[in-house]
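Since the structure comes first, as structure tokens, the remarks are kept for the end.
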Amino acid sequence: MKIESYKQGTPCWTDLSTTDQDGAKEFYSKIFGWEYQDIPMGDDQVYSLAQLDGSDAGAIFTQVAQESEAGVPPHWKVYLAVDDIDATASQVSNLGGTVIVDEFDEDESGRMMLAQDPTGAMIQFWQAKANIGCEVRDEHGALTWVELLTSDQEGAGKFYTELFGIGLDIETMPTPEGDPYHMLMTEMGPVAGIMPLPDHLVEMGVPPHWEVYFRVDDANAVVEKAKSLGATVLFGPEVLPMVGTFAVIQDPQGAVFGIQQAPTV
């Protein structure tokens, strides 16, 4: 599905910070069919736009030294659309979050900032100018869903709903572990999930964080292909009513992402 604009509070972009950019590009190309447009960023850095039939679907870049030296593993980042990033920045602080990187311009593409929500999860905000973010959604290899895994589900829900002026649905089906699952809601419907950080991740010291899911035509085939390329399957494939078939995978460089095959009608 082609996208022309995003409502405030809607996930609009994702990119991968990784230790092996070339290896990651090859991996995702083989499972999602991505092609790349490499954009030089200076200091020998390249931002590789991942594209499906010429439409931007995400990006891959080499992790900055400060992150790798601090022990931050490769990870997918989530960007949420905002109408006015300067107003959003002031609200982040008022609502108990922390602005990590102040608002700045990305050429004529848009304005962005990095923040940490009150539960500890890092999140990026994007005010579009020439670039809306993902130009395609809900197709094989394209972003389809994001969710926040947090130790304070109620606090997270309060932060994001008040920040964006959107709703929260708490009457949803539970997770496979039986935990409550909440969804952020715009007038267009659900846009993101919020769930408790699973106990095994808490025990491993994994902090609250956002995760991304990509749509696939055949989840079982993608899982097998990913495993053959050196990835590790952390969960699934599992079929959930009304959700479809999904799995959680760790790529060969260590970044975790999900896949989802739409349910059959």
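The values are calculated or read from the model by the stated rules, or taken from the named source; none is laboratory data. These figures come from a predicted structure and were not determined experimentally. With ideal geometry, Cβ positions are generated from the backbone for all residues, glycine too; neighbour counts draw on all protein chains shown. Accessible surface areas use protein heavy atoms only, side chains included; no ligands, DNA or RNA. Shrake-Rupley method; radii C 1.70, N 1.55, O 1.52, S 1.80 Å.
Residues in the range 6-26 that are among the charged types (D, E, K, R) and not in a strand (DSSP E or B) were compared, and the one that is surrounded by the most Cβ atoms within 10 Å (Cβ to Cβ) is Lys25. For the range 201-246, which positions are within 21 Å of Met1 (Cβ to Cβ) and in contact with a Phe, Trp or Tyr (Cβ under 6 Å, 6 or more places away or on another chain)? The answer is Val212, Tyr213.
For the range 74-99, a residue qualifies if it is free of Cβ contacts under 8 Å to residues at least 40 places away in the same chain and more than 20 Å from Lys158 (Cβ to Cβ), and exactly one does: Asp86. In the range 56-73, is there at least one residue being without any contact (Cβ under 8 Å) to a residue 24 or more places away in the chain and in a strand (DSSP E or B)? Checked against the condition, which is being without any contact (Cβ under 8 Å) to a residue 24 or more places away in the chain and in a strand (DSSP E or B), the range 56-73 yields no hits at all. When the residues of the range 219-235 are filtered to those that are out of contact with any Pro (no Cβ under 9 Å at 6 or more places or on another chain) and either part of a loop (DSSP other than H, G, I, E, B) or free of Cβ contacts under 8 Å to residues at least 40 places away in the same chain (or both), which remaining residue is surrounded by the fewest Cβ atoms within 10 Å (Cβ to Cβ)? Here the residue is Ser228. Can you say whether Ile3 is touching a Phe, Trp or Tyr at 6+ places or on another chain (Cβ under 6 Å) and surrounded by fewer than 19 Cβ atoms within 10 Å (Cβ to Cβ), as far as the supplied structure shows? No: the conditions fail for Ile3. Within the range 133-173, if we keep just the residues that are open to solvent by 20 Å² or more (accessible area, probe 1.4 Å) and in contact with a Phe, Trp or Tyr (Cβ under 6 Å, 6 or more places away or on another chain), the residue that is farthest from Gly205 (Cα to Cα) turns out to be Thr172.
Here is a yes/no grid of residues against (1) in a loop (DSSP other than H, G, I, E, B); (2) open to solvent by less than 70 Å² (accessible area, probe 1.4 Å); (3) under 20 Å from Trp210 (Cα atoms):
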{"position": "Tyr28", "(1), (2), (3)": "no, yes, yes"}
{"position": "Ile39", "(1), (2), (3)": "no, yes, no"}
{"position": "Tyr47", "(1), (2), (3)": "no, yes, no"}
{"position": "Ala87", "(1), (2), (3)": "no, yes, no"}
{"position": "Ser90", "(1), (2), (3)": "no, yes, no"}
{"position": "Ile100", "(1), (2), (3)": "no, no, yes"}
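When you check Leu80 against the structure, is it open to solvent by less than 50 Å² (accessible area, probe 1.4 Å), part of a strand (DSSP E or B) and aliphatic (A, V, I, L, M), yes or no? Yes: the conditions hold for Leu80.
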